[in-house]
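The structure appears below as structure tokens.
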Amino acid sequence: MPEPKAKRFEYGISLDRDGRATSEGATLELPQTWAPEHLVLGGLLHCSLTSLRHHARRAGISVEAEATAHGTVSKRETDGRYAFVEIECRLDVSLQPKPAEEAVAELLARAERDCFVGASLRPSPTYVWNVA
């Protein structure tokens, strides 16, 4: 019996000559001071929190959160190309009701594992969680 096909999700974005990004009818004007690296880090934060909220919702937990990310770009030793060589994602979250410590650890591990942006990056991000 053939294996069922995995779900596929497709995304598209266009960038005009003036730096406006458009996707699905919504426009985002990117400041000239923003580099593509900022967008990667922003995507990592958004994806990490989306993943956390997904798993928390399934467990009947609500999430309030804020996050910051920092990345270092330099030449990689392996091939001499510029790339992220370090990425850190710091997330401050409040969980209601707050589960037991073991359940919190499992929830955070699932959030990290299922963030496809983080899973797509090399090196993998380092996550620092502060749970209130």
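Read the figures in this text as sums done on the coordinates, not as results from a lab. Nothing here was measured: the structure is a model prediction, and the numbers come from that model. Note: ideal-geometry Cβ built from the backbone for every residue, glycine included; neighbour counts use all protein chains shown.
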Against the condition touching a Cys at 6+ places or on another chain (Cβ under 8 Å) and either over 21 Å from E88 (Cβ atoms) or in contact (Cβ under 8 Å) with a residue 40 or more places away in the chain (or both), how does T22 come out, does it pass? no
Take F84 and tell me if it is surrounded by 12 or more Cβ atoms within 10 Å (Cβ to Cβ) and either at positive phi or not basic (K, R) (or both). yes
Wholly enclosed strands (runs of 3 or more DSSP E) of region 1-106 bearing at least 2 residues within 19 Å of R122 (Cβ to Cβ): 62-75, 82-96
Using beta carbons and a limit of 6 Å, which pairs, at least six apart or on different chains, have the first residue in region 109-132 and under 15 Å from E88 (Cα atoms) and the second one of a type in the set (V, I, T)? P125/I87
Considering each of A35, A26, A67, A56 in turn, give the residue that is over 19 Å from the mean Cα position of the chain (by Cα) and among the aliphatic types (A, V, I, L, M). A26
